[in-house]
Amino acid sequence: MTVSTTPTAGSPVLRTQYQKSVAAYWNTNQQDPVNLRLGEIDGLYHHHYGIGNYDPSVLAGPEQTRDERIIAELHRLETAQADMLLSYLGEIAPSDRVLDAGSGRGGTSFMANQRFGCQVDGVSISEYQVDFANRQATDRRVADQVRFHFRNMLDTGFEAGSRQAVWTNETTMYVDLFELYAEFARLLPFGGRYVCITGCYNDVTGGRSKAVSQIDEHYTCNIHPRSSYFKALAANRFVPIHVIDLTSATIPYWELRAQSSVATGIEDPFLTAYREGSFHYLLIAADRV
């Protein structure tokens, strides 16, 4: 079967200079060890962070294998994050189709297919990520069920009402939320489910802190205030049914990553922002009404 990765006619994937710069960042960030080394453990390549307490024993034992233990534990924590996200999608039947918006190298998409047996489509504005993920689908022998497309999550080109569930995993900071949720409302039928895990800055502290601004600059993103998520959801006929603050649950991941060979220097701003309360890590599950 040939998988189309092209957008709909007359609708360019990269519509603004900013989107082109974001795509260039991910297209040129191909050998980032923080994603590749962790994914090499079991072939699940994620582009998000982790949750849960780490096993302190990974910091003990022989020094020559210490980093290997840390890498494995980081991967366990990021897989636990994806597993938690999927657990809030509700009842998904094998006949359903779901969408991974901003699918990266495909890790969460493959987990969804394995968990539900459903058809999964992933979209990304990075051609490199799309090609990588489709090769993974072929290697996993699920290319007939899990497909990745070079498309914009703001204008996917998929049929209205064609998805039972949609999720975003740390990708909403690259787009306008009102425009994004309008597209998701188009794709989901009445009662369809949207799940989001994201970092957002705390409105109560009064704008972006220095640490949050450092995160924006590092990832070429534009972190939204917490309130914008709920305003944009309500404006597009979504009703939140679960809102979970995962901030304290993600701090151990960053503490451990700071001690690993894949540390990039962004660990300190994340830890500072979380600890001072200027940055929150949320899970939001909302139903389309």
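The values are calculated or read from the model by the stated rules, or taken from the named source; none is laboratory data. Since we're looking at a predicted model, the values are computed, not measured. Here the Cβ is made from the backbone with ideal geometry for all residues, glycine too, and neighbour counts use every protein chain on show. Accessible surface is based on the protein model in full, side chains and every heavy atom, while ligands, DNA and RNA are left aside. Shrake-Rupley method; radii C 1.70, N 1.55, O 1.52, S 1.80 Å.
Values computed for the structure shown
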{"read-out": "Residue under evaluation Arg141, criteria (1) closer than 29 Å to Asp42 by Cβ; (2) open to solvent by 40 Å² or more (accessible area, probe 1.4 Å); (3) part of a helix (DSSP H, G or I), criterion not met", "value": "(3)"}
{"read-out": "Residues within the range 256-267 that are touching a residue at least 24 places away in the same chain (Cβ under 8 Å) and either part of a helix (DSSP H, G or I) or in contact with an Asp or Glu (Cβ under 7 Å, 6 or more places away or on another chain) (or both), tallied", "value": "4"}
{"read-out": "The range 58-88 - residue that is small (Gly, Ala, Ser) and modelled with pLDDT of 95 or more and, of those, surrounded by the most Cβ atoms within 10 Å (Cβ to Cβ)", "value": "Ala82"}
{"read-out": "Filter result for Val212 (more than 17 Å from the chain's Cα centre (by Cα), within 25 Å of Ala80 (Cβ to Cβ), open to solvent by less than 20 Å² (accessible area, probe 1.4 Å) and modelled with pLDDT of 95 or more)", "value": "yes"}
{"read-out": "Subset of the range 247-265 that is open to solvent by 10 Å² or more (accessible area, probe 1.4 Å) and not polar (S, T, N, Q) - its residue that is nearest to Gln81 (Cα to Cα)", "value": "Ala249"}
{"read-out": "Number of the condition not met by Ser57 [criteria: (1) farther than 18 Å from Glu78 by Cβ; (2) within 22 Å of the chain's Cα centre (by Cα); (3) outside any loop (DSSP other than H, G, I, E, B); (4) not aliphatic (A, V, I, L, M)]", "value": "(2)"}
{"read-out": "Members of the range 217-240 found to be open to solvent by less than 50 Å² (accessible area, probe 1.4 Å) and either without any contact (Cβ under 8 Å) to a residue 24 or more places away in the chain or part of a strand (DSSP E or B) (or both), listed by number", "value": "Pro225, Phe238"}
{"read-out": "Residue under evaluation Glu91, criteria (1) open to solvent by 20 Å² or more (accessible area, probe 1.4 Å); (2) part of a helix (DSSP H, G or I), criterion not met", "value": "(2)"}
{"read-out": "Top-ranked residue of the range 268-284 - restricted to ones that are in a strand (DSSP E or B) and either open to solvent by 20 Å² or more (accessible area, probe 1.4 Å) or not hydroxyl-bearing (Ser, Thr, Tyr) (or both), ranked as nearest to Leu233 (Cα to Cα)", "value": "Ile284"}
